[in-house]
Amino acid sequence: MSQNPKPVLRFAPSPTGMLHIGGARTAFFNWLYARNTGGSFLLRIEDTDRERSTPEAVQAILNGMTWMGLNWDGEVVYQFARAARHREVAEKLLAEGKAYRCYATGEELTAMREEQKAAGKSMRYDGRWRDRAPGPDEKDKPSVVRLKARQDGETIVHDKVLGDVRFENSQLDDMVLLRSDGNPTYMLAVVLDDADMGVTHVIRGADHLNNAARQLQLIEAMGAAVPVYCHLPLINGPDGAKLSKRHGALAVEAYRDMGYLPETMRNYLLRLGWSHGDDEIIPTAQAIEWFNLDSIGKSAARMDYKKLDNLNGHYIRETANDVLVAEVTAFLARETPPRILSMTARQRLESAMTSLKERAKTLVELVQGAEFLFTDGPRSLDASADKLLPPEARAALAQALPALEATDWSGPALEAAARNFAESAGLKLGQVAQPLRAALTGKASSPPLFEMLALLGREESLTRLMAYTA
Ligand code: GLU
């Protein structure tokens, strides 16, 4: 009976920067496929480039993954720690005649490329050491190890997304596997680690498609199993041009700080390159159930911030009030300097949340709308609240106060008192309510006024209102 082993997926970022939006989508698609199939999702930090890899970037990637909710299986694999294994396999390929030492110096290779350029040829290594044994001159000279790649025929990448992509082998030169300092190149490390980790599916950005052709040659030389390749079309900016920083090629942490929820990011990233009919709202649990490789789109995806905002508004409304309080509390604690909410502030926030969350597309907006609940004392007015409190409005406020004070300070009683007062003073309810709102919250819009008066309580509300009665 043939065994059908569970898929093994991996995300293999190079720790040279943050986890950006494209990387997060790659990680998410790998994670989804693993969760959909009951396979495993491994994390490998590709830190062989010692000059460009930093511990801060490793931490930023781990934080980004954790915030996105993309839990990996087992321990993180650090590629550099496997350098001895990479060397061992390079030596084996040398011994088998599948790789060779190249003693060409940097200057020599530069000259070679310049000649090729001048002759209008494509610039690639010309194989000068392919069939040449080192002489006595080379004995102690530095060398690199290169793969003896096939020179004729073609290499076909059978890509699950892009179909069969053909490469002329004459265009693929003998790539370096081991540098002269004995460290592996990305090409050797990635192929060998995938093989050793039993990776069955490689889902990554389409910028790696050309690498796949070269990697296939190395896989063949090593006698390893060929994984299923899925190269994801790139993500473009809203105008269809390459994604830039200005466009949102930002670290996932930047999205976090702009107030997007992880659930929003997952749904949004899913739709950047994968579809299920016309469905736009696909919570993660549903995505795990539906995800497949066949529905990955072939064309480049486009960032659409309006869609991101609308999705976030949706998930904010869907999130339970106590969870949102925890999100807001964590969000404020990340500010510099951190803002720590008092117990009273948190209780007020939770009581007002049903109404607050209806008005916010991001946690930033949610915080702005809730600001008046966080601290006690008179409010400073924003520009539109200031407009609502000209001298005549302050006078009306002063006159209305005794009627309010006479109530039991419940929402309905306060509303009835304000209505009665407005009627007796020949004013519209808004002429009383708007100045009240401005003085109470410092803003021109807020959750329902009378509920907020009741929530803040008699003493605190009066302190705020009295600050604007003259
Ligand atoms: N380390 C590579 C990168 O960050 C990814 C390698 C791969 O997915 O095969 O671009």
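Yes/no per residue for (1) at positive phi; (2) within 20 Å of the chain's Cα centre (by Cα); (3) polar (S, T, N, Q):
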{"site": "Ser275", "(1), (2), (3)": "no, yes, yes"}
{"site": "Ile281", "(1), (2), (3)": "no, yes, no"}
{"site": "Thr284", "(1), (2), (3)": "no, yes, yes"}
{"site": "Asn292", "(1), (2), (3)": "no, no, yes"}
{"site": "Ser299", "(1), (2), (3)": "no, no, yes"}
{"site": "Gly313", "(1), (2), (3)": "no, yes, no"}
{"site": "Val323", "(1), (2), (3)": "no, no, no"}
{"site": "Thr329", "(1), (2), (3)": "no, no, yes"}
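Going through Phe11, Phe41 one at a time, which residue ends up being under 18 Å from Pro262 (Cβ atoms), buried (at least 21 other Cβ atoms within 10 Å of the Cβ) and over 15 Å from the mean Cα position of the chain (by Cα)?
Answer to the check: Phe41.
Against the definition (at pLDDT 95 or above and under 14 Å from Ser461 (Cβ atoms)), how does Ala416 come out, yes or no?
Spelling it out, it is not the case that Ala416 is at pLDDT 95 or above and under 14 Å from Ser461 (Cβ atoms).
Take Gly17 and tell me if it is part of a helix (DSSP H, G or I), within 14 Å of the ligand (Cβ to nearest atom) and closer than 25 Å to Leu261 by Cα.
When the stated conditions are applied, Gly17 does not pass them.
Give the number of residues within region 20-56 that are within 12 Å of the ligand (Cβ to nearest atom) and part of a loop (DSSP other than H, G, I, E, B).
Summing the residues that are within 12 Å of the ligand (Cβ to nearest atom) and part of a loop (DSSP other than H, G, I, E, B) in region 20-56 gives 6.
If I ask for residues that are in contact with a helix residue (DSSP H, G or I) (Cβ under 7 Å, 6 or more places away or on another chain) and assigned to a loop (DSSP other than H, G, I, E, B), which ones from region 267-282 would you list?
Leu272, Gly273, His276, Glu280, Ile281, Ile282
Restricting to region 113-140, give me the number of residues that are more than 23 Å from Leu218 (Cβ to Cβ), hydrophobic (A, V, I, L, M, F, W, C) and surrounded by 11 or more Cβ atoms within 10 Å (Cβ to Cβ).
Looking only at that region, the number is 0.
Hey, does region 211-223 have a residue that's within 10 Å of the ligand (Cβ to nearest atom), hydrophobic (A, V, I, L, M, F, W, C) and within 24 Å of the chain's Cα centre (by Cα)?
no
Are any of the residues in region 313-331 surrounded by 19 or more Cβ atoms within 10 Å (Cβ to Cβ), at pLDDT 95 or above and assigned to a loop (DSSP other than H, G, I, E, B)?
Within region 313-331 (the criterion being surrounded by 19 or more Cβ atoms within 10 Å (Cβ to Cβ), at pLDDT 95 or above and assigned to a loop (DSSP other than H, G, I, E, B)), the answer is no, since none of the residues qualifies.
From the list Glu318, Glu327, exactly one residue is of a type in the set (Asp, Glu) and touching an Asp or Glu at 6+ places or on another chain (Cβ under 9 Å). Which is it?
Within the list Glu318, Glu327, the selection yields Glu318.
Condition first: assigned to a loop (DSSP other than H, G, I, E, B), buried (at least 21 other Cβ atoms within 10 Å of the Cβ) and not aliphatic (A, V, I, L, M). Now tell me which residues in region 205-256 satisfy that.
If the condition is that a residue be assigned to a loop (DSSP other than H, G, I, E, B), buried (at least 21 other Cβ atoms within 10 Å of the Cβ) and not aliphatic (A, V, I, L, M), then Pro227 is the only one that fits.
Could you list, in sequence order, the residues of region 186-204 that are closer than 18 Å to Thr37 by Cβ and either in a helix (DSSP H, G or I) or of a type in the set (Gly, Ala, Ser) (or both)?
Across region 186-204, the qualifying residues are Asp194, Gly198.
Name the single residue that is nearest to the ligand (Cβ to nearest atom) among those in region 1-14 being out of contact with any Lys or Arg (no Cβ under 9 Å at 6 or more places or on another chain) and either at pLDDT below 95 or not β-branched (Val, Ile, Thr) (or both).
That would be Leu9.
Give me the pairs, please: first residue somewhere in region 302-327 and in contact (Cβ under 8 Å) with a residue 24 or more places away in the chain and among the aromatic types (Phe, Trp, Tyr), second residue anywhere and in a helix (DSSP H, G or I) and crowded, with 16+ Cβ neighbours inside 10 Å, beta-carbon distance under 7 Å, and either six or more positions apart or on two chains.
Listed by first residue and then by second, the contacts come to Tyr315/Glu263; Tyr315/Thr264.
Would you call Ile219 out of contact with any strand residue (DSSP E or B) (no Cβ under 8 Å at 6 or more places or on another chain) and β-branched (Val, Ile, Thr)?
Yes: the conditions hold for Ile219.
So for region 229-244 (the condition being more than 15 Å from the ligand (Cβ to nearest atom), hydroxyl-bearing (Ser, Thr, Tyr) and either at pLDDT below 95 or more than 28 Å from Leu109 (Cβ to Cβ) (or both)), does at least one residue qualify?
Taking every residue of region 229-244 in turn, at least one turns out to be more than 15 Å from the ligand (Cβ to nearest atom), hydroxyl-bearing (Ser, Thr, Tyr) and either at pLDDT below 95 or more than 28 Å from Leu109 (Cβ to Cβ) (or both).
Within region 141-155, which residues are under 17 Å from Leu109 (Cβ atoms) and surrounded by fewer than 20 Cβ atoms within 10 Å (Cβ to Cβ)?
Answer for region 141-155, where residues must be under 17 Å from Leu109 (Cβ atoms) and surrounded by fewer than 20 Cβ atoms within 10 Å (Cβ to Cβ): Lys141, Pro142, Ser143.
Would region 345-368 turn up any residue that is free of Cβ contacts under 8 Å to residues at least 12 places away in the same chain, closer than 16 Å to Ser446 by Cα and either surrounded by 14 or more Cβ atoms within 10 Å (Cβ to Cβ) or under 20 Å from the mean Cα position of the chain (by Cα) (or both)?
yes
Among the listed residues Arg204, Arg166, identify the single one that is away from the ligand (no atom under 13 Å from the Cβ) and basic (Lys, Arg).
Just a single option satisfies the conditions, and that option is Arg166.
Scanning region 156-204 for residues that are among the hydroxyl-bearing types (Ser, Thr, Tyr) and under 28 Å from the mean Cα position of the chain (by Cα), which turns out surrounded by the fewest Cβ atoms within 10 Å (Cβ to Cβ)?
Tyr186
The values are calculated or read from the model by the stated rules, or taken from the named source; none is laboratory data. If you're wondering where the values come from, they're calculated on a predicted model, not measured in any experiment. Note that we place each Cβ from the backbone using ideal geometry, even for glycine, and neighbour counts take in every protein chain shown.
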